[in-house]
1. When the gyration tensor of region 2-139 is built from Cα positions, what are the square roots of 5 times its three eigenvalues, in whole Å, from largest to smallest?
2. Over 22 Å between Cα atoms: which of Lys46/Lys79; Lys33/Lys200; Lys9/Lys33; Lys9/Lys79 fall into that group?
3. With a 10 Å Cβ neighbour count serving as the proxy for reagent exposure, in which order, fewest first, do Phe132, Phe48 appear?
4. 5 Å is the cut-off here: which amide hydrogens, built 1.01 Å from N in the peptide plane, fall below it relative to Gly54, excluding neighbours closer than 5 in sequence?
Amino acid sequence: MRRADFAVKLAADLQIAVHEASKSESPVSITGKVRFDRGYLELLGKVFEIERGGTLRFPGGTSATLDLAATYEDRRTDKVVRVQLSGSAESPHLDFQVDNETVTAGRAFQAIYGTEDSSEDEDEVEAEAKQFVSAVTAGLVTSTIRRKFGAMAPILMLDPEDAEGTSQLRAGFELDALIPESLSEVITGIYVEGIISSEKQEDQSGPRDVNHGVLVELYFPHNLVTSGRYGSNSSWSFDLGWQP
């Protein structure tokens, strides 16, 4: 699995079920374990090598627990910076070491760059780690389903629960093959995306609010694209644009 800021080789033993959403549970359920064999990810502006044997465990639903370590060796100073990611995959806990000594994120930054950055460094690297785990999870779901059902299977994007208690599942379909030949010179592509969002109520003990939506994009010659979005709360939008 590869993206601009990471590349990993994984071994996965997963069961993934997609079912009708309810107010009390997510529409996706994942059970099993993923093992990290090798790879790298970008943190603090540097490339960290992922240590073999890290795991991402799914007990069910979309939550997961993470146990993963990665290291960066500064060739200029020979210092080795190690970060351990553990706990909830939605909000991983990060522990830093420099030459086997436990340090803060600021001290790790100082070991890499020779100067200590602001206190926001730890929040920034935690956000980077969260995006990494979210992207790996979404990629696993998508590749598993598309391997089983072929190219017409949905492209799944799973946004984990944010600070406001909102999570979102998006399932996109590339339907270019359904364009009639008579319209192929007018419409060059069709993309349809279904959206299910789950949001906590102010009363944390009550059921979650579940909303549905749909996005439709039509692509035309000369990089023109039009998109329309409609939600279950009667919200809608329509856009016409140009993509370079």
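All of the numbers you see were taken from the coordinates with simple rules; none came from a lab. For clarity, every value in this text was computed on a predicted model and none was experimentally measured. Cβ coordinates were reconstructed from backbone atoms using ideal geometry, including for glycine residues, and neighbour counts include every protein chain displayed.
1. 31, 16, 12
2. Exceeds cut-off: Lys33/Lys200; Lys9/Lys79.
3. Final ranking by Cβ density, sparse to dense: Phe48, Phe132.
4. Sorted by chain and number, the residues that satisfy this are Phe36, Ala69.
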